[in-house]
Each structure stands twice: as C-alpha cells, then as structure tokens.
Amino acid sequence: MPAHSVRLCLLSLCAFILTAPQEVRGHAQLLETVPAANDVLVDSPSEIKLIFNESVSVLSLQVRDGGGNFLDVGGDIGVEENDVVLPLTAELRDGQYFVAFRVLSADAHTISESFGFSVGAGQNGSFGAIPPVEPAYERWTPWGSGIARWLFMLALLCSAGFVVFRQLLSVPAIVDDWLAGAIRRAASWGLVALAAYWVAGAFVMVAGSAWSLEGLFAVASSTMGVSLATAALGFIALIFFPGRAHKRWALAGAALLIFSRVLTGHPASREPELVLQLLMATHVTAAAFWLAALIVLLRAMRCLSVDAVGVLAGDFGRIGVVAVGIVLTAAGIVMAYLHVAAPAALLTTQYGLLLSAKLGGVIALFAFAAHHKFRVTAALTDGDAAVGRRFQASLRLELLVLLTVIGVSTVVASTPPESTATAQTSVAPIAPLTVVSETGNYRLNVELSADASLIRLLVTDLNGQTVEPLEWTVTADLQSLMMEGIALPAAQEEHSAVTFENRVPSGTNARYTVGVLVTDFDLERFEFELPR
Amino acid sequence: MLVVAAPRPALSHAVIDEGSAAAGRFSFVSLRVTHGCGKSPTREIRVKIPEGVTRVSAEYLPDWDIEKKMRKLEEPYQDEAGQMVTETIDEIVWRGGSLPDGYYGVFQFRAMIPDTPGEVLWFKTIQNCDDGAIRWIEVPSRPDQNPYELKEPAPFLRVVASQ
C-alpha cells in the first residue's frame, strides 16, 4: 500500500476518533437510590431508581426477596440522563427486598453494589444476609485482563520509547537498523496485546463468564475505547513507518501512543485534568525512554564493542539524568501529591500502598542508574571487557526491576485513589448496622468507630439480650483485590463483642461474613457489606 | 427438594447411613464418622437429637463410655407401660474410646421418628479429637441449597411416609 495512502488513512482516522463526541469522563458514583437503603415503605414502590453523578451503562439490575430469590418484577430498564429507572410490573408484598446492580461508567470502570429496603409498616428495617451481586466473572479473568494490560503497556512503552531514544541519541548504524525492526515488532505485538486487553476487559466488565459481544461494545463506546483506538493508530503508524526515513510519522505514532494514555483513567477523571494529563504524558514518555534505553543497551552489548557501548551508555546517562532523574520523578511526585490526600494515605490506602511499592522500585532503579553512571561507564569507555560483562548482568537486573515497576504501575492505574470529600454515597448507613442471621434467630450489631478505623460486632437474640458466643470467625471479601476469605485480626475486648481493625481501604467494597458459635451446636452466620 | 436429590459425599463427611426413615416409626440411626481431625484420632462423639425425635436408646460400645443428656419434653406422653414420659434424650455422648484416622466408626442409636413425612432431621454432631475438633453442625440456610456444598454439614435423615 503506498505510503501516502497510509498517511491519508491515518490522518482521517485520527480526525474522526479525536473529534467524535465522547461521554462525560470520570468514575461514576451512586448518589442516591429510590427507595433509599434500609427504607421501610408503607406501600410497594412503583419503580427502583438509581441516581448517579454521570451517565452509565447498565450491565445488570436485579430485585431479590429476603430469601435471596430473584424476582421477575421489573420492566424495561430506562436510562434518563444520570438516572437508571427500573419500573416494577408487580406489587411487592410486605417483606424485605434487595436491589443488586452492576453498571459501567464512561471511563470503563464497573460499579457493583446492593442495598435493601422493606415494604410494610411492620418491618423493622434490619436485614439478614444481603444476596451477593451475581458473580461477574471467573476468578482467572481479572488476572488475564491484568496480564493483557501489562503486556499492552510494555509494547506501548517499547514502541514509543524506541522512537524517542532514536530521536534523542545518536546511535551507530547497526543499532539504528535494529531499532527500525524493533519498533515494527513492538508495534505489531502491541496491536495483539491491545486486542487481548480489549477482549479481557470486556469479560471483566460484563457480568458472566460466557462470551458476549455486549462487553466489547461497552468498552469500545467508552473513553477506554477511544484510548485503545488512539493507541491502535499509533501502533499502525509505527508498523508502516518505523524507519528513520519517515521520522516524522514515527514521532507522530509515538505521540499517539503517549496521548492514548492520558485519554482515560485517573488523568482524565480527576482535577486538575489538563495538568494531570500533561504530567502523565511526561511521565510515560520518560518511562518509555528509560525502558527503551535498557533494551537498546543490552542489544548494543551484542553488536558493538565495549567502548562503543560505553559511549552510548554515557550519552544515555547524560540525558537520563534530566529525563529520568528530574522529569520522570518530578511528574510522578506531583501526580502522587494530587491523587493522594495526605502522606499518611501512602500507608493506609490501597492506592497509597501500591504507589509506595512503585516508589521503592524506582529508588532501586535510581541506585542502578547511579552505579552505572558513576562507576561503570568510564570503565566501559576504556574497553574493559570484564566490566562489560558485569554491566550486561546489571542491565538485565535493572530491566527486570523496571518491568516489575511497570506491572505495579498498571495496577495503580486501575486502582481508584482515595475518594474526595465531595463524592458521597447514600447507599448504606454509616453506623450502626444491624444484620439478622441466616436462621433469623439472632442479630448482629455492627458499629464503626468515628474515624472508621475499628469495627465492633455484638450479637443479641431476638429479645435484645446480649449473647456470649463461644467463637467468632470473621472474613472479608475485598472485591477490588479479588481476594476472599481473609481472616481479619480480632481483638476480643469482651466476652460478648469482638473489635477488630478495619483494614479495608476507603473506596473499596468489602463483604463480611461473620460466623458466631452461639452454643456448641449452633453456628449462626451473618453477612453484611461495609459502607464506603 | 434438593436435600432428597443431593449426591452422597465420597467418605469425607459425617453421615447417617440410613439416609431416610419411616415417619411415626422406630428407626435405627447409624452415624458414620469417616476420618479423624487431620491425623488425630477421634476421642468423643456428641450427637444432638433434633426436636421431634423421641424414645432414643443408644447402642452400647464396649470401648466407649456413653452419656445421655436429657431435656424436658414440651408435651409429655404416656408410654406403652402407662408411664408418663416427661423428658427425652437431648444429646448422646460417646467418649473414652479411640477411633484412629483412616478408619470409620459407626455410632448407632434407635429412636422414634416423628410423623412428619418430608421433614429433614438434622443430627448435629461434634467430633472431638486428641488434637482439634470438627463441628458437623452446618445446616442449609435455603431449601434449595445442597448441604454438601457446606464445609461441615450436619448429618441428616429425611422422613418418608410409612408404607
């Protein structure tokens, strides 16, 4: 296909994608429900309404009775701006009901929650086990999606990084020729990884493990779809124009790849948006350059003399001090400051912990870089072969650490930072919460401390008398971490109550299962969801 | 009703061999314990007799001491000898013996089954070992739940209509 035709196609697609109307970006949040959580209604409601802060796509919306049985009482689900409305086609009799839903926000994040309400003046407003939202996917799917995303990011960083590296550094012809082939290969694999990520993401986002086109279209129509399409254009440009002869098109392809990273996720959904997007673009470019440099240097060790590698490493070191040491670090620190509410959050929130892990990896990388710059490069330039071999081993180790840091970064990108004070949900009460056991014979009182750091559980019988259980078992299902059955630390203060530290990160759904041995032969089970 | 159709586990749970018993008649109830607590031998079996099951008499096992814990009946009845029966066995405890892991043991008793065809009687059992214990006391929370999906389900007997 003639080069000018390819250019025309790329330009046209670019214009189409970037000017096409997009949905409002950002994490959708549930603001209110009608009926409200734990409401006791005199009469059956005529509809169920979910009010979000932005428009969403509904993946599933179920009404269940107190026994967890699915009720076929809903008509066609309607979406009116930011409201999701489910008209009820039948009257609900007196009793307890649960509403469970999964929706997809414009930035392709899935929100799944459930809440309960009662019908009938005689209901007391407390609930037993809340039926779980229908299983969304097999356990492997989030891991598959995560791996696909990691591979996609690697290919993107390599592709863009090779172009940037070639632009910033003067490389010998043999390395330059290899770079052209490497760019094309990385871009080709990038397209494959992009497709895998798109498919895996569709499985994760849409309920059910069965194949469905619905998820693909849901992803494609979101901002994530625009981001993937932009990245695809970048990959295509680099496949057709990898060489130095088409330098401008290669740079455009690299720019599209970098730009695709700022169209979705945290930079596109938080304020200040433009600042975050610029910082992210800078950060990703510097990271891509670093990754590419390590790979190119390793390649150079195989085709260049030791002293030539020393010269190349020295050139990279000089630029790397600015690009990596200053630009990447500064951009990363500023973004972390804007995302994380307080330094303490680095150790108390999931997002903060991941960021801290990434920071640890980056510090290790800086140690490698300093060692190479100040102790190795000079010896390489002198042609010391032994130093060359050690340098090669060190580069491989540094590359391994960088790949790990990139892996952590992909998890960071899909983890919501601590929610801001302006976004509140009214789905569940803060405290106290009362849950009836599965047998209906006991009640579990759940209390949250004012700072949400402690959870206290107390069991009473139906007459309100406190029970002294023989044994407690508390586990939590942290959906965002895809882990189940985590035993939480328990500090039993009294015979009748147990208090334990709330380790659930803010903004994370956590479903608790409490087993209480009230007598030798009676095990009562409770389930409740901790409100955000 | 799912309990009726639930497939029997492969020797991993405590079970009642008979599976079902005729309503309103005496029946043998053979509780089979299929393993120890890990490698630890079983030293004590405690069986809770459910409501409605009366006139319980336990099998004598030479190597085991047997204790019968009683409870008051809500509705005393007159037995065949004309005696008023005001209490019934609430729990049977076999202790003192040793059932090594890797062997099964059967603890049998005889009881009058209530005249309630279709009911499922749950015989909650605690198995105490040298090291640890297993509480076979979980009961399905929903009628359609398979008891063998529970981690430690109580042994059960379903009541069927008499011929």
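Per-structure values
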| item | result |
| --- | --- |
| Failed condition for A:Gly352, given (1) touching a Pro at 6+ places or on another chain (Cβ under 8 Å); (2) at pLDDT below 80; (3) open to solvent by less than 60 Å² (accessible area, probe 1.4 Å); (4) farther than 23 Å from A:Leu157 by Cβ | (1) |
| Residues (within 10 Å of A:Cys158 (Cα to Cα) and open to solvent by less than 10 Å² (accessible area, probe 1.4 Å)) located in the stretch A:276-289 | A:Ala288, A:Phe289 |
| Some residue of the stretch A:313-331 being more than 30 Å from A:Trp178 (Cβ to Cβ), under 27 Å from the mean Cα position of the chain (by Cα), at pLDDT 80 or above and not small (Gly, Ala, Ser) | no |
| Selected residue (criterion: nearest to the chain's Cα centre (by Cα)) from residues of the stretch B:96-135 that are closer than 17 Å to B:Asp63 by Cα and within 14 Å of chain A (Cβ to nearest Cβ) | B:Gln127 |
| Entirely in the stretch B:45-101, the strands (runs of 3 or more DSSP E) that have 1 or more residues that are over 20 Å from B:Phe156 (Cα atoms), touching a residue at least 24 places away in the same chain (Cβ under 8 Å) and small (Gly, Ala, Ser) | B:84-99 |
| Output for the stretch B:102-146, where each listed residue is outside any loop (DSSP other than H, G, I, E, B), open to solvent by 60 Å² or more (accessible area, probe 1.4 Å) and under 25 Å from A:Gly66 (Cβ atoms) | none |
| Strands (runs of 3 or more DSSP E) contained in the stretch A:45-91 and holding at least 1 residues touching a Pro at 6+ places or on another chain (Cβ under 9 Å) and within 14 Å of chain B (Cβ to nearest Cβ) | A:57-65 |
| Any hit, the stretch A:447-460, residues being surrounded by fewer than 19 Cβ atoms within 10 Å (Cβ to Cβ), modelled with pLDDT of 85 or more and more than 14 Å from every other protein chain (Cβ to nearest Cβ) | yes |
| Tally of residues being within 23 Å of A:Ala413 (Cβ to Cβ) and open to solvent by 20 Å² or more (accessible area, probe 1.4 Å) across the stretch A:159-181 | 1 |
| Tally of residues being touching a Phe, Trp or Tyr at 6+ places or on another chain (Cβ under 6 Å) and open to solvent by less than 10 Å² (accessible area, probe 1.4 Å) across the stretch B:23-44 | 2 |
| Exclusive hit being closer than 30 Å to B:Glu51 by Cα, within 14 Å of chain B (Cβ to nearest Cβ) and at pLDDT 75 or above, set A:Gly464, A:Gly515 | A:Gly515 |
| Filter result (touching a strand residue (DSSP E or B) at 6+ places or on another chain (Cβ under 6 Å) and in a loop (DSSP other than H, G, I, E, B)) within the stretch B:26-44 | B:Gly36, B:Pro41 |
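The values are calculated or read from the model by the stated rules, or taken from the named source; none is laboratory data. Because the structure is a prediction, the values reported are computed rather than measured. Glycine gets a Cβ as well: all are built from the backbone with ideal geometry, and neighbour counts include every protein chain shown. What goes into the accessible areas is simple: the full protein's heavy atoms, side chains included, and nothing from ligands, DNA or RNA. Shrake-Rupley method; radii C 1.70, N 1.55, O 1.52, S 1.80 Å.
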